[in-house]
Amino acid sequence: MGFREHLENIDKQGILKKVDVEVSKTLEISGILKGMEPTPVLFNKVKESNFRVVGNLFCTKDAISSYFGVNPAELIPMLSRAIKERSDPEIVSSAPCQEVVETSVDLDTIPILYHCEKDGGNYISSAVVVTRDPDLGQNMDFHRAMQFSKEKFATRIVAGRHFHQFLKKNGEVEVAFCIGNPPNILIAGATSVEAGVDELTIANALEPIKTIKAKSVDLTIPAEAEFVLEGRVYIEEKHSEGPFVDLTETYDVIREEPVFEVKKVTHRKNAIWQALLPGALEHKILMGMPREPTIFTKVNEMGVKCLDVNVNPGGCSWLHAIVQIDKNSEEDGKKAIAGAFAGHGSCKHIFIVDKDINIYDPLSVEWAMATRFQGDTKMIVKDKEPGSSLDPSAEPGTKMTTKIGFDLTKPIVAKGKSYDLAEFPKVNLDKYFS
Ligand SMILES: Cc1cc2nc3c(=O)[nH]c(=O)nc-3n(C[C@H](O)[C@H](O)[C@H](O)COP(=O)(O)O)c2cc1C
């Protein structure tokens, strides 16, 4: 469908709200988006820019699954399939993202948002970043970028990311920050697969896309992006980056990060800037959802029938995973814990539940913990392992953390009381109350 058609669709359905009064990119648009979350909002008049801004587009699994025309339950198999059955996108010679090629670079003309008061500056948070290594080929992932001049950003590149590997090897790397993308491209950018896989092939397997050669760098980019910022990132040239809100909704620290120098800006006519609130629902969905298929696959590889996985927002869509299994042997809970940690190395707490538990309802999961769990026999504690650098409670600097797996499944054969929820009669209430 694409980004533009999606906007038209949700507008026709009355889902997209519009703000016609003038709003500021500084500490105003972000506040409105947060207050309206998860409703998508289009800002037609931005004080500091001629471009419009849209945000809150894909805050829920429902919003993403309805884009693809599937049920939320079909997302995990769909993404697993796309990772396995990647396909090359069509390359075209003219594209909407290059309708306008700016002759000079002035980032102040673009509505790059200043989100929260303690932020270090205006931040790009929705860009998928395309890079290339001479041997491995293209990569696409996400990197936030803090503007500090009319043509430069400091961009956060976590050690170990493929882009970081490219940068360490080559010293400087050509990049294209692409903003204004549909969920197939966003989800593909957030997926971690082996180095050398161009995530655009995953995006194309989710929904066919067109790509085009960038104007000033040797990269193939999504043809229908709203904006493309082309340039170079240097490992030796660093600038302070932060503070900025991260996935846990807490402030990340200030670090010296590589500089991204923008050399060329291209965009659609009447381009619309895609906002993505840091730490908010959309950020969480995009981070957590691509880990669900990897957990699903690893649990099944342990010989346990995995039914569903929720890397839930209450666990920052990163640090917790709730895994639903069809338990067939007493060992299944513990095997599933091992599989889930193998499928998502940054996860801190794993909860394994039976098929009668609703993994999308925190009360249902807590009920399983209250009635089916014993700490001495059904808890696996993995003392001090590398976890997530995002977790404020992990050891600073080393990200060492204690991981715990909770087996909240009932025994195959109950020895005492029944473990099952009692059922009340189902009645048609309309018969009794008008
Ligand atoms: C909205 C969003 C923002 C992100 N921001 C960053 C970031 O600033 N720096 C970073 O290194 N990773 C960031 N990530 C995570 C990576 O992009 C993601 O884990 C990706 O899969 C890594 O790709 P790779 O396996 O090709 O290295 C972000 C992810 C999302 C969804």
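The values are calculated or read from the model by the stated rules, or taken from the named source; none is laboratory data. These numbers come from a predicted model, not from an experiment. Cβ coordinates were reconstructed from backbone atoms using ideal geometry, including for glycine residues, and neighbour counts include every protein chain displayed.
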I want to confirm something. Restricting to segment 328-343 and keeping residues that are closer than 20 Å to D356 by Cβ and buried (at least 21 other Cβ atoms within 10 Å of the Cβ), which single residue is farthest from the chain's Cα centre (by Cα)? D332
Please work out which residue is nearest to the chain's Cα centre (by Cα), limiting yourself to segment 277-314 and to residues that are acidic (D, E) and away from the ligand (no atom under 16 Å from the Cβ). D308
Within segment 127-137, is there a residue that is of a type in the set (S, T, Y), surrounded by fewer than 22 Cβ atoms within 10 Å (Cβ to Cβ) and either more than 7 Å from the ligand (Cβ to nearest atom) or in the same structural domain as I254 (by TED's automatic domain parsing) (or both)? no
Could you count how many residues in segment 214-238 are in a strand (DSSP E or B) and either outside the structural domain of N181 (by TED's automatic domain parsing) or crowded, with 18+ Cβ neighbours inside 10 Å (or both)? 9
Search result, residues across segment 16-33 that are farther than 19 Å from F3 by Cβ and part of a loop (DSSP other than H, G, I, E, B): D20, V21, E22, S24, K25, L27, E28
Filtering segment 405-424 down to residues that are exposed (fewer than 15 other Cβ atoms within 10 Å of the Cβ) and either of a type in the set (S, T, N, Q) or within 24 Å of G288 (Cβ to Cβ) (or both) yields S418
Scanning segment 144-164 residue by residue, those over 23 Å from I112 (Cβ atoms) and either more than 8 Å from the ligand (Cβ to nearest atom) or in a strand (DSSP E or B) (or both) turn out to be A159
So is D119 acidic (D, E) and within 13 Å of the ligand (Cβ to nearest atom) or not? no
Among the residues of segment 193-208, is any of a type in the set (S, T, N, Q), within 19 Å of the chain's Cα centre (by Cα) and not in a helix (DSSP H, G or I)? no
Residue tally, condition within 14 Å of the ligand (Cβ to nearest atom) and not in a helix (DSSP H, G or I), over segment 169-179: 5
Inspect all residues belonging to segment 44-57 and state whether any of them is touching a Gly at 6+ places or on another chain (Cβ under 9 Å) and touching a residue at least 12 places away in the same chain (Cβ under 8 Å). yes
Would you tally the residues in segment 187-205 being away from the ligand (no atom under 12 Å from the Cβ) and surrounded by 24 or more Cβ atoms within 10 Å (Cβ to Cβ)? 1
N184 vs. criteria closer than 20 Å to H283 by Cα and either free of Cβ contacts under 8 Å to residues at least 60 places away in the same chain or within 16 Å of the ligand (Cβ to nearest atom) (or both): yes
Residue tally, condition assigned to a loop (DSSP other than H, G, I, E, B) and touching a residue at least 60 places away in the same chain (Cβ under 8 Å), over segment 84-134: 26
